[in-house]
Amino acid sequence: MHRDAAIAAGLSPALADDIIVHREMGALTESERALFSLATAMTNVQDAAALTTAQQAMERYFDQRQVAVFCYAIAQINAWNRLVLASENRAASQSKA
């Protein structure tokens with residue numbers, strides 16, 4: 001779903017595929033890898049050390065404003081994903097009743 005939307009927004013299909021397997025491919029730039037590490041760390045909040053490491057990596061490539069914008073975007077995407085999951089769970093439990 002996200003891949004198709006990204007391509008429709010102008011991302012090349014090759015880069016969209018690389019993003020999906022970014023850890024295995026090594027095709028992304030260091031700054032792109034830092035951004036994905038931040039997104040992962042913000043999503044998996046149990047590992048505070050990973051978040052600190054990701055934030056430090058981001059500071060090598062982006063200024064404070066850019067990091068803040070990325071953080072807000074990641075948080076917003078995470079919130080929407082959680083709302084969808086919650087509403088799907090609620091719909092599933094209501095359909096069983």
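Some notes on this structure:
- Residue match in region 60-78 (condition: at pLDDT below 90, in a helix (DSSP H, G or I) and within 14 Å of the chain's Cα centre (by Cα)): no
- Residues in region 7-23 that are of a type outside the set (S, T, N, Q) and either within 14 Å of Phe36 (Cβ to Cβ) or part of a loop (DSSP other than H, G, I, E, B) (or both): 11 in all.
The values are calculated or read from the model by the stated rules, or taken from the named source; none is laboratory data. Fair warning: this is a prediction, and the values are worked out from it, not measured in the lab. Note that we place each Cβ from the backbone using ideal geometry, even for glycine, and neighbour counts take in every protein chain shown.
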